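Peer 1: Please find one structure pasted underneath; my questions will follow.
The values are calculated or read from the model by the stated rules, or taken from the named source; none is laboratory data. Nothing here was measured: the structure is a model prediction, and the numbers come from that model. Note that each Cβ is placed from the backbone with ideal geometry, even for glycine, and that neighbours are counted across all protein chains shown.
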Amino acid sequence: MRTWRSFSTSTRRATARSPPPQRGLRRSMMTARNPAAALAPSPDADWRDPGFVLRRLLRRPTAPLDAYAAPPLEATARETLRARMVAARREGGPAVCLILGAMPRSGTNYVERLLAGHPDVLIAPGGLRELPAFAVADRFRDAGRAMARFHPSNGEIFAAYEWLGYAMAGYVNRIRAEASPQTRAVLLKDPHMRRVALFDALMPREQAILVIRDGRYLVDSTVRTWPLRRFGRTFEDICLECRAATEAALTAAAEAPADRVRLVRYEDVTADPAGRVAELCAWIGLDPSRLDVAAVTDAPILGSSTHSRGADGVVGWAPVADKTGFDPTTRPLEWPDAWRRTFARVCGTIQERAG
């Protein structure tokens, strides 16, 4: 039986001569093959941060791995925070479900668009395409202490992340107040699993769909969409983030009640979109029989790293109806041997855990 550890010994070669390991981790095959692809704007502008550059020069990991760990909140503090967030929510209104991806390129847009095939679902309320509340949670961790500027004792009144919780509660209340009577569920989305451990405390009455993807194709799609740059993230950085994000998703799903958090594998949805989406609809509380099956099975390609690239080389989000050759789960990976070894070393164990 072939294991993920044996992945690095594959005899397939993407190039006639693989680069040395260190050079291979830096080199962008996509840029060499398609120079226009280098124009794709990277979602990670950390290379402008001197700390990022220093870590890069010292060959230390630059991926934000700490952001995927559970924040240091004691059980009592977490329960107190959760109780306050329950009290901050209004009763009634549609269900609110947050779709979180392990990291960009996990398939959150795909899952969202399929669920939008249900007539009682509203996506992107008010035009909000993404809600990265958890991804930036640490910026608001001690926001309550700002109240102590003029009165020091005020700083002890508010718990960590409490002000972020109130902001999210207020926004959820607004969504429910503004939703039409026909709306039964509102979907919010963010393609990050950062600080997902805060979900239960900050969104105690909402649901979350956690989308994970085969790490090989998640990493490959990331490199294809945002080619590696000389002073940017390395291939190993992306693998490290993939591992941390997937582990955070698996942990969150294992610890949360089954009626509030649902783990979804991108490959399972692409294999049976109508069936999987019907299951998700029922889980959210929607009538699966009202799902527009044709809209689900005939959904166009959106934002593919292989089929949505424009003439300028940048991956776009215009719908693509022609699915000829589209295979996001089993296409051959054109990786040098150095990349294969790195992926197996960094992500081999989490691949096995994720199934």
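Peer 1: Pull up the stretch 138-170, narrow it to residues that are free of Cβ contacts under 8 Å to residues at least 40 places away in the same chain and aromatic (Phe, Trp, Tyr), then point me to the one that is surrounded by the most Cβ atoms within 10 Å (Cβ to Cβ).
Peer 2: Residue satisfying both the conditions and the ranking: 158.
Peer 1: Within the stretch 239-271, count every residue that is under 18 Å from residue 95 (Cβ atoms), without any contact (Cβ under 8 Å) to a residue 60 or more places away in the chain and in contact with a strand residue (DSSP E or B) (Cβ under 7 Å, 6 or more places away or on another chain).
Peer 2: 1
Peer 1: Give the residues of the stretch 272-287 that are part of a helix (DSSP H, G or I) and either without any contact (Cβ under 8 Å) to a residue 12 or more places away in the chain or in contact with a Pro (Cβ under 8 Å, 6 or more places away or on another chain) (or both), sorted by residue number.
Peer 2: The answer is 275, 278, 279, 281, 282.
Peer 1: Now for a different question. For residue 247, which of the numbered conditions (1) modelled with pLDDT of 95 or more; (2) more than 18 Å from the chain's Cα centre (by Cα); (3) outside any loop (DSSP other than H, G, I, E, B); (4) surrounded by 13 or more Cβ atoms within 10 Å (Cβ to Cβ) fails to hold?
Peer 2: (2)
Peer 1: Regarding residue 259, is this residue at pLDDT 90 or above and assigned to a loop (DSSP other than H, G, I, E, B)? Give the steps one after another, and end with the answer.
Peer 2: On the way: at pLDDT 90 or above: yes; assigned to a loop (DSSP other than H, G, I, E, B): yes.
Here the answer is yes, as residue 259 does meet what is asked.
Peer 1: Quick check on my filter: what residues within the stretch 185-244 are within 24 Å of residue 129 (Cα to Cα), in contact with a Ser or Thr (Cβ under 9 Å, 6 or more places away or on another chain) and of a type in the set (Lys, Arg)?
Peer 2: Selection gives 189, 213, 224.
Peer 1: If residue 224 satisfies all but one of (1) outside any loop (DSSP other than H, G, I, E, B); (2) at pLDDT 95 or above, what's the number of the condition it fails?
Peer 2: The failed condition is (2).
Peer 1: Does the stretch 184-194 include one or more residues that are touching a helix residue (DSSP H, G or I) at 6+ places or on another chain (Cβ under 6 Å) and over 20 Å from residue 123 (Cα atoms)?
Peer 2: yes
Peer 1: Would you point out the residue of the stretch 251-279, among those that are under 18 Å from the mean Cα position of the chain (by Cα) and of a type outside the set (A, V, I, L, M, F, W, C), that is surrounded by the most Cβ atoms within 10 Å (Cβ to Cβ)?
Peer 2: 266
Peer 1: Output the residue which, of all residues in the stretch 30-72 that are modelled with pLDDT of 90 or more and in a loop (DSSP other than H, G, I, E, B), is farthest from the chain's Cα centre (by Cα).
Peer 2: Applying the filter and picking the extreme gives 71.
Peer 1: When the residues of the stretch 128-187 are filtered to those that are assigned to a helix (DSSP H, G or I) and among the hydroxyl-bearing types (Ser, Thr, Tyr), which remaining residue is modelled with the lowest pLDDT? Break it down stepwise before answering.
Peer 2: First pass over the stretch 128-187, keeping only residues assigned to a helix (DSSP H, G or I): 137-140, 143-149, 152-156, 162-178.
The next check asks that each one be among the hydroxyl-bearing types (Ser, Thr, Tyr); those that pass are 153, 166, 171.
Details: 153: 86, 166: 96, 171: 97.
Out of the qualifying residues, it is 153.
Peer 1: Taking the stated definitions as given, is residue 54 out of contact with any helix residue (DSSP H, G or I) (no Cβ under 7 Å at 6 or more places or on another chain) and under 30 Å from residue 235 (Cβ atoms)?
Peer 2: For residue 54, the condition - out of contact with any helix residue (DSSP H, G or I) (no Cβ under 7 Å at 6 or more places or on another chain) and under 30 Å from residue 235 (Cβ atoms) - is met.
Peer 1: Consider the stretch 330-353. How many of its residues are more than 22 Å from residue 228 (Cα to Cα) and either modelled with pLDDT under 95 or among the charged types (D, E, K, R) (or both)?
Peer 2: Residues flagged as more than 22 Å from residue 228 (Cα to Cα) and either modelled with pLDDT under 95 or among the charged types (D, E, K, R) (or both) within the stretch 330-353 amount to 3.
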